[in-house]
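Inspection log for the structure reproduced underneath, given as structure tokens.
The values are calculated or read from the model by the stated rules, or taken from the named source; none is laboratory data. The shown structure was predicted, so the numbers you read here are calculated from the model rather than taken from an experiment. Every residue, glycine as well, gets a Cβ built from its backbone with ideal geometry; the counts of neighbours run over all protein chains shown. Remember, those area values only see protein heavy atoms, side chains included, never the ligands or the DNA or RNA. Shrake-Rupley method; radii C 1.70, N 1.55, O 1.52, S 1.80 Å.
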Amino acid sequence: MLTNTPEVKGSDKPLRKRTTMRQRQFHSILTWMPRMFSCTASFYPALLLPIMICLTMTACQTIDATGQRQLSFIGEQQEVQMGQSSNEEIVKTMGLYEDEGLQNYVGEIGSRMARTTERPELPWTFQVIDDDVVNAFALPGGYVYLTRGILAHFENEAQMAGVLGHEIAHVTAKHSVVRLSKAMITQLGLGVATIAVPELQEFSSMLGQGMQLLFLKFSRDDETEADRLGIRYMINVNEDPRELIDVMEMLGSMTGEGGKLPQWASTHPHPENRVEFISAHLAGLDRRNFNPVKRESYLQRLDGMVYGADPREGIIKGSRFYHPEMAFQLRFPEGWGVVNQPSVVLGISPGKDAAVQLSLGKGEEPLQALSLFLQQNGIRALSSARAQVNGLPAAGGEFLAQTDKGQVHGRAVFILYNERLYRIIGYSSQQVWSKYDREISSSANSFSRLTDDRYLKAEPLRLKIIRTQSSISLKELHARHNVAIPLEELARLNQIGVGEILESGRYLKIVAGELP
């Protein structure tokens, strides 16, 4: 989404993917493992097995939340430091939702639950990420995040508390810490595959989704354990755990829709199966009077919240990308998928064998920036020259780069516009470069000023909380209020059926506004 920030001249925005957060958690740990055991090639295999055995035997600890002994090389202080470091990166690249009242509210509920857990001493931090995907996640050390996308789909405070409890449980059960420790053992045996050129990390990810998903997902046992502990933490603060069933059904209803699969589904598998587990688990608990679920007060806190992708951070229309805040546009090759991510806009070919990525570059002058890029280790320059792109000063060149997936052929173009340096890099494997060369060049040369007021003045859709004045069908209400999203989406947003008849006086979420 190429965040608009005053510190742009000479800046170098990191290329991050939302889907690689847990992968980044263990990356810093793995980097020092090879240094610990730097040996000659012939000596290394002889040491490897005893080292792994000794590490495994000495690194087991009992997890207070579960009572189980698990492998862990990471102490609590290091766990907190890992969380702090990753939190800084997440806040920088994803951004927090700018609503102090909502941030404080989520922090208050989360902190109240965390104090009742087996790890109350952690520096627990609860934050709302400015992201429309339906997601929640936690980092080691007590850092828990909800997106505004998932907040929009909750119906009451108890549902929010249920998801907070689940994420808190991942921390108290040390699921990430255990997985990191197992990954460290794995890396001792297999080594770490790296890519020489940071700018081409997206290409590596595009070709290696299987390895990413391996580390993105907790195991089914981890998820079941987090559900069980999350229910415990809800009961500790007298929140009604039965509301978790509605949350799982909501998440399950979103699964399978093209392009609308909640991000939760990539890190929290099989919501429908978890409904059965939660229902069975609750059936065995003593019935008690829980706190009211606080539906009305919760919904009022959402009134006016941004809904869906914020057009001020970029608009995708077919193969075109428009950025209102920075006033530029770019055309990606026809038929390619376009994804607007933090700090990078990525176009991917239908065969997923080529990409074009747009980000902010480093330096103050295009040719100088191009030279610095081409001088990196792992890159061999084939050409470089000054140029102009639609009247803007630019420089471009071709290169070859060595990656862990083989040799990549690419083209880099740097463009200076409104005191910002933009970097467009298109690439594919060397074997298919001739197939994509012309399309990539055309895409880079389409960068231009944005002058169309439809996009320059675009405003986000927002949630609006209304109260029905009489009995009315959801379909009739949808038409009467000119709701900005389809009827089916409105039904999911309110966790009701499309054919629902709403009683008089019911509070409801609708979406107001209009996108270009």
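Some observations on this one:
- Of all residues in segment 103-159, those satisfying the criterion of being of a type outside the set (Asp, Glu), open to solvent by less than 10 Å² (accessible area, probe 1.4 Å) and under 24 Å from Gly314 (Cα atoms) are Val128, Ile129, Val134, Ala136, Tyr145, Leu146, Thr147, Arg148, Gly149, Ile150, Leu151, Ala152.
- Output for segment 99-148, where each listed residue is assigned to a helix (DSSP H, G or I) and touching a residue at least 24 places away in the same chain (Cβ under 8 Å): Gly101, Leu102, Gln103, Tyr105, Val106, Ile109, Gly110, Arg112, Met113, Ala114, Arg148
- If you go through segment 129-178 and pick out every residue that is aliphatic (A, V, I, L, M) and within 24 Å of Asn291 (Cα to Cα), you end up with 13.
- Residues of segment 376-405 that are open to solvent by 50 Å² or more (accessible area, probe 1.4 Å) and either in contact with a Phe, Trp or Tyr (Cβ under 8 Å, 6 or more places away or on another chain) or of a type in the set (Asp, Glu) (or both): Arg380, Ala381, Leu382, Asn390, Asp404, Lys405.
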